[in-house]
Protein chains: 2
Amino acid sequence: MKVDGRVERGEQTKRQILRRAAEIASVEGLEGLSIGRLATELEVSKSGVFAHFGSKEELQLATVRAAAKVFVDQVVTPALDVPPGRARLERLLDGWLAYSEHRTFPGGCFFYAVQAEFDARPGRVRDTLVEFDRRWHDLVRSTAADVPGLVADPDQLAFEVIAFLELANGKSVLRGDDEAYARARTAVADALARATRA
Amino acid sequence: MKVDGRVERGEQTKRQILRRAAEIASVEGLEGLSIGRLATELEVSKSGVFAHFGSKEELQLATVRAAAKVFVDQVVTPALDVPPGRARLERLLDGWLAYSEHRTFPGGCFFYAVQAEFDARPGRVRDTLVEFDRRWHDLVRSTAADVPGLVADPDQLAFEVIAFLELANGKSVLRGDDEAYARARTAVADALARATRA
DNA sequence: TAAGTGTACGAACGATCGTACAATTAGTTT
DNA sequence: AAACTAATTGTACGATCGTTCGTACACTTA
């Protein structure tokens, strides 16, 4: 298995582009992300950036996929290392709050910013975001459903805890403080306690 | 008290501009809102639109204020017609869900879209949005605090119910269905029941 | 070593952005 | 009717947008 030095270098450039693109998009949105600005910040040529994707929409889609990979690595995978049950669910939700609070993306959760931007406009970007959202919701629901002694509807429980997570992210980014995370942790803990009380 | 027909006409034009601007911004964001596009859609000149505001930022600020007025008229004022207590709180939260569900703004809640867009960038628009958000949260908290026999922390209760409202809006706009509103109504009703149980 | 391939670059394109300013139109005041 | 004022328009500007194209260079393969 040989590696072509040119291709290797190209892929590394592409990774750098996408990392910065996801950072920018979490703050300014996927439309605020311009190819020229990206090129300037990375000190490469505008056409060099463009050539990797072929269109702005493809850049946006690649950025979403790159951000999803970061999200999975940081939130999903660690939770799947824990055996199914209450501990896994707690790990998943705690992991999400840490991912948001530690500003893995400088503008808070990437998907919070970008979903609100594209939720009302048709197109492939929106379709991709809908699919990722569906998978995230399903993961929370199925993880909750595996908690022994669950007395609540997993779908309803998933809705409620996701609501707490997202509002914590939104409020903390907007206000610049950490209070909302404490509120969310309280709310999540209460919800889990109620949902597992026989 | 005389009225100048020219001024009167100008104010009417301004109102039309701002109404359309809020509609566009709820879908495309306040940055996606361009002066040229606004002029084309309203069939007036670009400079005519511009002259009313003097800068894009002023247009954005005026749009936010106009949307806030719509929000107050549709959600806040009707609730304040109800005497303080549980009924007023329920009216407030139901009013919000109706405001979102009936698509007063075509992209769902105007502030949901615009806060997510500006939450991570500094500037006067963001400052204005922070202030409106603070006032909304305070209204929900103080309305909850007036509910007789409340056993919950009003601040925590406000956080939780606002989380349900916002996720209902976000999910329904993203997915294009109404299921999230039903989930939110269930969640709000449960939260209120718990909060008033002695 | 010669030919071929892949990445990156610089220059240029048409379109649109926000903004400026003088001219025009409509309505008021004297 | 003339002078004045406010809303609106037309034209133009520099900047930036996404995109296209021809070229230069790095690397691999024959």
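Derivation of every value follows stated rules applied to the coordinates shown; laboratory data play no part. A quick note: this is a predicted structure, and the numbers were derived from the prediction, not measured. Every residue, glycine as well, gets a Cβ built from its backbone with ideal geometry; the counts of neighbours run over all protein chains shown.
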Checked against the positive end of the charge dipole of chain B (+1 on Cβ of Lys and Arg, -1 on Cβ of Asp and Glu, about the Cα centre), the farthest of B:Gly5, B:Ala21, B:Pro78 is B:Gly5
For region A:55-195, the charge dipole (Cβ of Lys, Arg +1; Cβ of Asp, Glu -1; about the Cα centre) points to a positive end, and the Cα of A:Ala145, A:Tyr99, A:Ile162 closest to that extreme belongs to A:Tyr99
With the label set 7 Å along Cα→Cβ, A:Arg37 is separated from its counterparts in the other copies, in nm and shortest first, by 1.6
Relative contact order in percent for region B:5-195 (Cα pairs under 8 Å, 6+ apart) equals 20 percent
Sorted shortest first, the nm distances from the A:Arg134 label point (7 Å along Cα→Cβ) to its counterparts in the other copies are 4.2
With the label set 7 Å along Cα→Cβ, B:Pro106 is separated from its counterparts in the other copies, in nm and shortest first, by 3.4
Under the 7 Å Cα-to-Cβ spin-label approximation, A:Thr77 and A:Val44 lie apart by a distance in nanometres of 2.3 nm
Measuring from its Cα centre, region A:55-195 shows a charge dipole (+1 at each Lys and Arg Cβ, -1 at each Asp and Glu Cβ) which, in debye to the nearest 20, is 160 debye
Compactness summary of the protein assembly as shown: radius of gyration and Dmax from Cα atoms, Å, are 22.7, 87
Dividing the helical contributions, -39500 (n - 2.57) per DSSP H run of n ≥ 4, by the residues of chain A yields a 222 nm value, nearest 500 deg cm²/dmol, of -24500 deg cm²/dmol
At q = 0.19 1/Å the base-10 log of I(q)/I(0) from the Debye formula over the alpha-carbon atoms of region B:76-198 is -1.08
Expressed in angstrom, Rg and Dmax over the Cα atoms of region A:1-139 are 16.4, 50
